[in-house]
Structure formats: C-alpha cells, structure tokens
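First the structure, in the form of structure tokens, and then the observations on it.
The values are calculated or read from the model by the stated rules, or taken from the named source; none is laboratory data. Predicted, not measured: the structure shown is a model, and the values here were computed from it. Virtual Cβ from ideal backbone geometry, glycine too; neighbours counted across all protein chains shown.
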Amino acid sequence: MRKIYEYLSIEEKKEAVRRLKQDLIKLEQEISKNKSSFSSFICEVLYSTRDKWKLEIEELEREIRNKM
C-alpha cells in the first residue's frame, strides 16, 4: 500500500487516514464480536490486517505532520 500513498496529496492522505480509522474500528468490532466463530487461521489473518492498518495510519499521520 505504501506505493499508492506516495502519489496522494496531504488532503487525500488525511482522508485515507480517516477512512482507515473507520475501517479499523469496524474490523476490531468484528473480531471481538465473532472471534469464537473464526478459525485460528482466520483470526491470525484479521489480527495481521489490523496491525498493518495501524502501522499504515501511523506512517500516514507522520507524513502529514512532516509536510505541514
């Protein structure tokens, strides 16, 4: 995903952060609500996705701060 964000303006990056945060909340709710329904493999995939999104949010926020 990093390559995609290189071409975005600051405003577009802010929008991407906002949307990622919204999706992260939904993902965390889904994990907590249905964790027992998922296989351990699926849980690991979901946790990995969550961690990648958190890292991406942090990196985008850092880029935004550095450009302002």
Requested in this report: State whether the residues of region 59-68 include one that is assigned to a helix (DSSP H, G or I), modelled with pLDDT of 95 or more and either more than 17 Å from E6 (Cβ to Cβ) or polar (S, T, N, Q) (or both).
Outcome: no
Query raised in the report: Can you spot a residue in region 39-46 that is without any contact (Cβ under 8 Å) to a residue 60 or more places away in the chain, aromatic (F, W, Y) and either outside any helix (DSSP H, G or I) or surrounded by 12 or more Cβ atoms within 10 Å (Cβ to Cβ) (or both)?
Result: no
Query raised in the report: Of the conditions (1) surrounded by 11 or more Cβ atoms within 10 Å (Cβ to Cβ); (2) modelled with pLDDT of 95 or more, I31 fails just one. Which one is it?
Result: (2)
